[in-house]
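S.K.: Before we start, here is the structure in question, set down as structure tokens.
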Amino acid sequence: MTAIHRLLVTGGAGFIGSAVVRLLVGKGYEVVNVDKLTYSGNLDSLKEVAGAPNYRFHQADICDADGVSGILRSEQPDVIMHLAAESHVDRSIDGPAAFIETNIVGTFRLLNCALDYWRGLDAERRDLFRFHHISTDEVFGHLPLHQGVFTEDTPYAPSSPYSASKAGADHLVRAWHLTYGLPVVLSNCSNNYGPFHFPEKLIPLTILQALECKPLPVYGKGENVRDWLHVEDHARALELIATSGRIGESYNVGGRSERSNLAVVETICGMLDQKRPLAGGRSYRELIEFVKDRPGHDLRYAIDPSKIERELGWRAEETFESGLAKTIDWYLDNEWWWRPIRESRYGGERLGVTQ
């Protein structure tokens, strides 16, 4: 059988998408990046591969069916990796319409384009093709503090407009497989962190607020627990799922690194105390400020990644501590990337407080 060599990545200028693109280009695949370049899309995250002969970029909206169909016809990918999405829970509380439009309607239109494209391939390439939909553990709702984990069979129970929109997209992907035969694979990941992360999320926001000696907001009592996954570990998992996952199956990807939000912030403070000490022996922990909790804030997420470990041989290489130390070092060394964002796109203001 012909080997997979060309992958089309939607949302490839985003945080996780850019990590996937960098990995795939570095491994010699032909990579086609399709991204609308909304507020969090950033081609600077792809500078290291921008001139590579096996990389191409199209600025396009997945809601534009004619545009997407044209790209599929011209680029002829073997695999579509669908990462394009609105992804921040707080923003979904303030403005859910964009999440419904991109995550549900956009996925619907992309699925139809993919189905038409797949049906037009010759038999050998039809057998090779797959549509990989990348989702989140938030579609499963939440867990008690000290009990249970999410598996691939956990029922869906989304709590936020964001997670509900991703759950809807997941259901559409499965329906296009069961109804129309489109060869799909799905994955649901835990909270990612790492380089090139738009600074509205907890870890990059905390790092940059601390470097600017600004308050470090912690929602509620900081007791909400998340499983943390380094984005480069996730990118390796996604390559394996896209190229070797079983058609029709879903795979949960997690780092086996549960931490409360307060513990995450305190760990960042402790590392910064060593890497960028404050004057007078003060600790960054003094900047921690407990703020009003997010509406509908899920208590705990925890993923069981046994299936991908068993079937595809994937393991997270970074511990939370090793990955976080590398992430802090990256932000310390790459102000060129984050400073323009802080000054023009997002300066750390509170989002998602609408009741």
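The values are calculated or read from the model by the stated rules, or taken from the named source; none is laboratory data. What you are looking at is a predicted structure, and each value in this text was computed from that prediction instead of being measured. Glycine also receives a Cβ, built like all others from the backbone with ideal geometry; neighbour counts cover every protein chain displayed.
S.K.: Which residues, taken from region 297-343, are more than 26 Å from LEU145 (Cβ to Cβ) and touching a Ser or Thr at 6+ places or on another chain (Cβ under 8 Å)?
M.R.: The answer is LEU312, TRP337.
S.K.: I'm checking my understanding of the structure. Among residues of region 282-314 that are of a type in the set (Ser, Thr, Tyr) and in a loop (DSSP other than H, G, I, E, B), which one is farthest from PRO158 (Cα to Cα)?
M.R.: The selected residue is SER283.
S.K.: Among the residues of region 323-341, write down those that are among the polar types (S, T, N, Q) and touching a Phe, Trp or Tyr at 6+ places or on another chain (Cβ under 7 Å).
M.R.: THR327
S.K.: Restricting attention to region 155-168, report how many residues are assigned to a loop (DSSP other than H, G, I, E, B) and hydrophobic (A, V, I, L, M, F, W, C).
M.R.: Counting residues in region 155-168 that are assigned to a loop (DSSP other than H, G, I, E, B) and hydrophobic (A, V, I, L, M, F, W, C) gives 1.
S.K.: Taking the stated definitions as given, is GLY95 surrounded by 18 or more Cβ atoms within 10 Å (Cβ to Cβ) and within 24 Å of SER190 (Cα to Cα)?
M.R.: no
S.K.: Can you tell me which residue within region 1-38, out of those that are among the hydroxyl-bearing types (Ser, Thr, Tyr) and buried (at least 24 other Cβ atoms within 10 Å of the Cβ), is nearest to the chain's Cα centre (by Cα)?
M.R.: Filtering first and then ranking leaves SER18.
S.K.: Being aliphatic (A, V, I, L, M) and either free of Cβ contacts under 8 Å to residues at least 60 places away in the same chain or out of contact with any Leu (no Cβ under 6 Å at 6 or more places or on another chain) (or both) is the filter here, so list the residues in region 179-203 that pass it.
M.R.: Those that are aliphatic (A, V, I, L, M) and either free of Cβ contacts under 8 Å to residues at least 60 places away in the same chain or out of contact with any Leu (no Cβ under 6 Å at 6 or more places or on another chain) (or both): VAL184, VAL185, LEU186, LEU202, ILE203.
S.K.: Taking only pairs six or more apart or across chains, which ones have beta-carbon atoms under 6 Å, a first residue in region 128-155 that is closer than 19 Å to LEU178 by Cβ and of a type in the set (Val, Ile, Thr), and a second residue that is surrounded by fewer than 18 Cβ atoms within 10 Å (Cβ to Cβ) and modelled with pLDDT of 95 or more?
M.R.: Correct list of pairs: VAL139/TYR156.
S.K.: Among the listed residues LEU121, LEU111, LEU145, which satisfies the condition of being over 15 Å from ILE247 (Cα atoms) and at pLDDT below 95?
M.R.: So the residue among LEU121, LEU111, LEU145 that is over 15 Å from ILE247 (Cα atoms) and at pLDDT below 95 is LEU145.
S.K.: Still on this model: Just to check your reading of the model, which residue among HIS146, HIS197 is farther than 23 Å from GLU318 by Cα and of a type outside the set (A, V, I, L, M)?
M.R.: The unique qualifying residue is HIS146.
Residue-wise test of (1) under 30 Å from TRP336 (Cβ atoms); (2) among the acidic types (Asp, Glu); (3) surrounded by 14 or more Cβ atoms within 10 Å (Cβ to Cβ).
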residue	(1), (2), (3)
LEU110	no, no, yes
GLY120	no, no, no
ALA123	no, no, no
ASP127	no, yes, no
GLU138	no, yes, yes
SER165	no, no, yes
ASN191	yes, no, yes
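S.K.: Report, by residue number, each residue of region 315-355 that is basic (Lys, Arg) and either part of a helix (DSSP H, G or I) or at pLDDT below 95 (or both).
M.R.: Correct list: LYS326, ARG339, ARG342, ARG345, ARG350.
S.K.: What about SER244, is it without any contact (Cβ under 8 Å) to a residue 12 or more places away in the chain, surrounded by fewer than 17 Cβ atoms within 10 Å (Cβ to Cβ) and either within 18 Å of HIS133 (Cβ to Cβ) or touching a strand residue (DSSP E or B) at 6+ places or on another chain (Cβ under 9 Å) (or both)?
M.R.: For SER244, the condition - without any contact (Cβ under 8 Å) to a residue 12 or more places away in the chain, surrounded by fewer than 17 Cβ atoms within 10 Å (Cβ to Cβ) and either within 18 Å of HIS133 (Cβ to Cβ) or touching a strand residue (DSSP E or B) at 6+ places or on another chain (Cβ under 9 Å) (or both) - is not met.
S.K.: Shifting gears a bit: Considering only residues that are of a type in the set (S, T, N, Q) and surrounded by fewer than 16 Cβ atoms within 10 Å (Cβ to Cβ), which ones fall in region 257-308?
M.R.: GLN274, SER283, SER306 - these are the residues of region 257-308 that are of a type in the set (S, T, N, Q) and surrounded by fewer than 16 Cβ atoms within 10 Å (Cβ to Cβ).
S.K.: Conditions: (1) part of a helix (DSSP H, G or I); (2) small (Gly, Ala, Ser); (3) in contact with a Leu (Cβ under 9 Å, 6 or more places away or on another chain). SER135 meets all but one. Number of the miss?
M.R.: (1)
S.K.: Any idea which residue in region 39-91 is surrounded by the fewest Cβ atoms within 10 Å (Cβ to Cβ), counting only those that are basic (Lys, Arg) and more than 20 Å from the chain's Cα centre (by Cα)?
M.R.: Here the residue is ARG73.
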